[in-house]
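Read through the structure below, which is laid out as structure tokens, and then see the notes.
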Ligand code: SF4
């Protein structure tokens, strides 16, 4: 491993201490299930991945992506040394760490002094470990005194965060994976768990197979693989989820299924919801949802009686201009039935990325501070200024720009420095042409990544080589609030070092005294203390304890076992101690299908690929399963548009077009097409799905609408694909 013990204050990576064969536990870097794997390396190459049947949360199970992790590195693609150019028209050249750090520190200082700190921005990732996320927050919000930082969690989780805070007074799920083995009815809304959380869905299927009372309801416009396992699939119209949930709430009331004692003693706001349900027009709700009365009856029947209800939901709920309303509507159902804080029940938001939860704990979104604090709260700012030993008033009181406005501001010439770590916004942002224009226009683009050739790296003025998974030690928090610690098992190549070291080195080079760390343990010990006494208390989790296995937060002392299930006392962290109902009518997106764009495209993922394929694109077995971009289209729509199965087509929307191969299938309903978003420029210049997606955002969570854009389909010439990076 890279050792900084002997290189305090040196530029990272200038000296490396090599060690021999390693074997250790690490957390899978893909989805929010957070599987723990046993990794072996030999001669600085990963050679084997296994999983221990005794270790939570996966107990020996792995999906193909996890099992093939040992093939996910590609030495030829690695960024092994800093690269930089002084001017946009100069080519990138190799640089030493000292040269790159001095250049970055000088440019950031000059911009801050001449044009203001809010012209410096950071865009990060739920794949960064918690230590790096914490240091970015400390550097930007504490020392650079700007809240202009956000991450790709804005694109996947921010509606869930807002939904939990509105209903319960706190982010973070009330439930845990162990509830699967006690649940009766599983509701899976807007989550294709077989593809995106496969190990978790295996547990759901096992429960379904071994319990007479267990049932699975899947709410999804698409008949996904997950829906094929359902006892009841409700093919809701895109955006029709709130209408569907209002219908089932009405039916539960008619059936007399409410838990009145729970509602009366532990909630508030039910009267408003009750009035909304009484006054809404069921015919309109059926029209908006596309779900008929018999289907609602069947759904309500699976919720009725003494049944424990566990709901899983993900991007289909969150990536919407009404994402927060969808989240609170799901929670409303749980509150009506009293299905919170009990074994086998609860509303469970799944995280897409491995450390989306950890990043939230340390405040890496533009409105947050560590310990679920907010920049808008004066006492929270003062607490963090004291923790960080910085002058009162250092932390700014207004949130910075969230992800979509950040890239728009870059495109408008309002950002001078944009530092991007561990993510690929040149492919993954909605309405991606804006983000690409922002990357082109920003004076200094710093890209910190392990691979040299991501689509975003092509815009970089400085490239900083980061260690990848298996080459660094650090912590992550999975979907169920379980904190696990990964250990490094091989050296990073060349001058690459862990992300936390890079942030700390920039801080030191800028002359800040709060970045004098020599190990991730030091960072962890500091950050866990900043959470002491907060809702997401990590203070009792020492590295030594985490070496023995994962711990659920809150964990307020070193002898505390952690808390897998929250709100078991039915006391909620709201001002009144009660959970809150929310009465929201269905809202339609501004963009609707019209004669020019008669179809609605919904984006998503496939089981064999991960995000923009930076890692899964290196694994031949996974590439063979999902070799090229495709678009699913219903046979009737294919007929109308004269599209043949296997033909290349353009999905043409109001913002751009994307190239994909047609798959004619009744998995999608008439009027809807499904387009996975994995294939960016490195595959082909026209296959980026986000050329067509909508960057309108939810007004509360600021999460963009990635699940609906109006398009038409036209035949396209078959592209030349020789030489593309798989
Ligand atoms: S289920 Fe998720 S965390 Fe587990 S091995 Fe698969 S991708 Fe990794």
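Values computed for the structure shown
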quantity	calculated
Residue 59-residue 590 pseudo-label distance in nm [points 7 Å out on the Cα-to-Cβ vector]	4.9 nm
Segment 334-452: C-alpha gyration tensor shape, a/c 1.5 cut-off, then a/b vs b/c	oblate
Residue exposure sequence - 237, 490, 114 - by fewest surrounding Cβ within 10 Å	114, 237, 490
For segment 622-726, share of DSSP beta bridges that run antiparallel, in % to the nearest 5	75 percent
Within the chain, percent of DSSP bridges classed antiparallel, to nearest 5	50 percent
Three-way shape label, segment 599-715, alpha-carbon gyration tensor, a/c 1.5	oblate
Shape of segment 373-510, Cα gyration tensor, a/c cut at 1.5	oblate
Estimated distance in nm for a label pair at residue 560 and residue 42, the labels positioned 7 Å out from Cα along Cα-to-Cβ	4.5 nm
Peptides ranked, highest mean first, by Cβ atoms within 10 Å: ranges 451-457, 479-485	479-485, 451-457
Spin-label zone in segment 378-396 - amide nitrogen under 14 Å from a point set 7 Å from the Cα of residue 516 along the C-beta vector	389
Relative packing of 590-602, 343-355, which averages over residues the other C-beta atoms within 10 Å, highest first	343-355, 590-602
Distance from segment 67-84 to segment 232-274 (C-alpha centre basis), Å	49 Å
Simple label model, 7 Å out from Cα along Cβ direction - residue 89 to residue 654, nm	3.9 nm
Pairwise FRET efficiency - residue 279 versus residue 568, Cβ, R0 = 35 Å, nearest 0.05	0.50
Separation between Cα centres of segment 557-611 and segment 105-121, rounded to whole Å	36 Å
Packing-based exposure ordering (other Cβ within 10 Å, fewest first) of 539, 96, 133	96, 539, 133
Relative contact order [Cα under 8 Å, 6+ residues apart], the chain, whole percent	19 percent
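Throughout, read-outs are computed from the coordinates displayed, never taken from laboratory work. The shown structure was predicted, so the numbers you read here are calculated from the model rather than taken from an experiment. Cβ coordinates were reconstructed from backbone atoms using ideal geometry, including for glycine residues, and neighbour counts include every protein chain displayed.
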